[in-house]
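These notes are about the structure you will find just below.
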Amino acid sequence: MKTYQDLMSVNESEIGKFCISAIQDFMSTQEYKASKEGEAYYNKHNTTIEAFQKFIYTLTGNRVVDIYSANYKLKTLFFRRLVTQQVQYVLGNGLTLQESENKQKLGRDFDFQLQKAAKRAMSSGQAFGFWNYDHLEVFGYADTNHDPGFCPLYDEETAELAAGIRYWFKRVGNKTLTRFTLYEADGYTEYCKNIEDEIEVVQEKRKYKTITTSLQGQIIVDSVGENYNRLPIVPLYANDAHESELVGIRESIDCYDLIKSGLADNIDDSSEIFWLLKNTGGMDDIELAKFLQRIKTVHGAVVDGEGDGNASAEAHTMQIPTEARRTMLELLRSDIYEDFQALDVKTLSAAAKTTQEIQAAYQSQDNKCADFEYLVIDFVQQILSLAGIDDEPSFTWNRVVNIQEQTNTILSAANYLDDETLIKKLPFLT
């Protein structure tokens, strides 16, 4: 991948070409490809099973597509479910700041944008938050059908994000129009690579903030551009490995979907009755087809025997072995939740659980979410710094509780608590 130092070594007239080259290098990396896969699985596309195709071999050894047997491509949306579960567990109640007026300075949709960044980070491994004067915008890592991509340019010495290129494509006939914006610490420049493959500057470099002075709100007296003290784009990582959360569980999800689809294929292929014809060796394929057609239409057929043999037709059905598949599917489901460190609600739904049992069931998810929360808090603190806000961010997690047991515990201490504290602690009120 290209770096910030590579950008600094390019002449100003060649920056547009450099950006195209940097995007191409970025899209050829393993990180980009893994990010695309993570985005696809989150967006309900199991690319492994979608590409799966059955083949058969002819008598001459040629491989041809099997168009005769069933080929179900069932998908279980494990990854989307797990990502949503973790994000809503940590961020479902929104960001809390010590000073309520500071939250208003972040924009009305800050919590939504923060959740969006977290989902994109977990799917791709990382996402980027752009503080645009008074609100947060989210840049995804890999481009998707509905969102642009972002090619980061890191500093070789500090490994910090020093610049970046946001890009998106648009098909025009049989050619592709590319738009991209180069973000640097001292401003951003917009470019376009048209269908003639010529690179044009759509918008010259401009500063991130524009401060205007007007006379009685009507006539603009002065307009001054201003930048931040650093690049106003902050990365949010899904984990300390900076990898998609799909890594490590993709194979289990693929195996689950393939086994489930294979079982559906077997049920479909063996759902009809098979006929075994005895003493009818002279029948060719056409005659067998006519026999089956007659069975379907009039529900009966006449079988002629050869020589002295007695011709007969026997109906047979196949028994599908399901126990081994069911066991494997349960094992895979358990492994997926365990490896992701997520709570499978089936483990809590069997009977009423005590607070200790619920806490024990949540322990693995709590550990993982606490690790993720540190990354989110670091991200938010950098955004607060860019916005000029001095505050401490925190989050209230969503969790299943035994309300009756917790209520009784709090009420037992009511004599030692003031009314305000008591109301805050009662779970069915807060």
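The values are calculated or read from the model by the stated rules, or taken from the named source; none is laboratory data. Small disclaimer: the values here were computed from a predicted structure and weren't measured. For neighbour counting, all protein chains shown are included, and Cβ atoms are generated from backbone atoms with ideal geometry for every residue, glycine included. Each accessible area value is taken on the protein alone, full model and side chains, heavy atoms only, with ligands, DNA and RNA left out. Shrake-Rupley method; radii C 1.70, N 1.55, O 1.52, S 1.80 Å.
Worth pointing out:
- Residue selected from region 28-51 under the condition in contact (Cβ under 8 Å) with a residue 40 or more places away in the chain and not in a helix (DSSP H, G or I), by the criterion farthest from SER252 (Cα to Cα): ASN43
- Residue among GLU156, GLU160, GLU190 that alone is open to solvent by 20 Å² or more (accessible area, probe 1.4 Å) and under 26 Å from the mean Cα position of the chain (by Cα): GLU160
- ASP143 of a type outside the set (Val, Ile, Thr), surrounded by fewer than 19 Cβ atoms within 10 Å (Cβ to Cβ) and touching a Gly at 6+ places or on another chain (Cβ under 6 Å): no
- Region 159-200, subset polar (S, T, N, Q) and at pLDDT below 95, residue nearest to MET8 (Cα to Cα): THR178
- Residues located in region 6-18, provided they are farther than 21 Å from GLU157 by Cα and open to solvent by less than 50 Å² (accessible area, probe 1.4 Å): ILE15, GLY16
- The listed residues are ALA51, ALA34, and the only one of them that is open to solvent by 10 Å² or more (accessible area, probe 1.4 Å) and touching a Ser or Thr at 6+ places or on another chain (Cβ under 9 Å) turns out to be ALA34.
- Put simply, of TYR167, TYR183 the only residue that is assigned to a strand (DSSP E or B), open to solvent by 10 Å² or more (accessible area, probe 1.4 Å) and among the hydroxyl-bearing types (Ser, Thr, Tyr) is TYR183.
- Scan region 54-97 for residues that are over 22 Å from ALA118 (Cα atoms) and either surrounded by fewer than 11 Cβ atoms within 10 Å (Cβ to Cβ) or basic (Lys, Arg) (or both) and the total you get is 15.
- Listed conditions (1) modelled with pLDDT of 70 or more; (2) closer than 28 Å to ASN71 by Cβ are all met by VAL298, apart from (2).
A quick yes/no check of all residues on (1) within 28 Å of TYR188 (Cβ to Cβ); (2) among the aliphatic types (A, V, I, L, M); (3) touching a Pro at 6+ places or on another chain (Cβ under 6 Å):
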| residue | (1), (2), (3) |
| --- | --- |
| GLN86 | no, no, no |
| PHE110 | yes, no, no |
| ALA117 | yes, yes, no |
| HIS135 | yes, no, no |
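- Flag: GLN104 matches the condition of being closer than 20 Å to GLY129 by Cβ, part of a helix (DSSP H, G or I) and open to solvent by 20 Å² or more (accessible area, probe 1.4 Å).
- Against the list (1) part of a helix (DSSP H, G or I); (2) more than 28 Å from TRP168 (Cβ to Cβ), the condition MET122 fails is (2).
- Looking at ILE286, ILE259, ILE249, ILE233, just one residue is open to solvent by less than 60 Å² (accessible area, probe 1.4 Å), out of contact with any Phe, Trp or Tyr (no Cβ under 9 Å at 6 or more places or on another chain) and at pLDDT 75 or above, and that residue is ILE259.
- Test: residue in region 79-87 that is more than 24 Å from ASN132 (Cα to Cα), among the β-branched types (Val, Ile, Thr) and part of a strand (DSSP E or B): no
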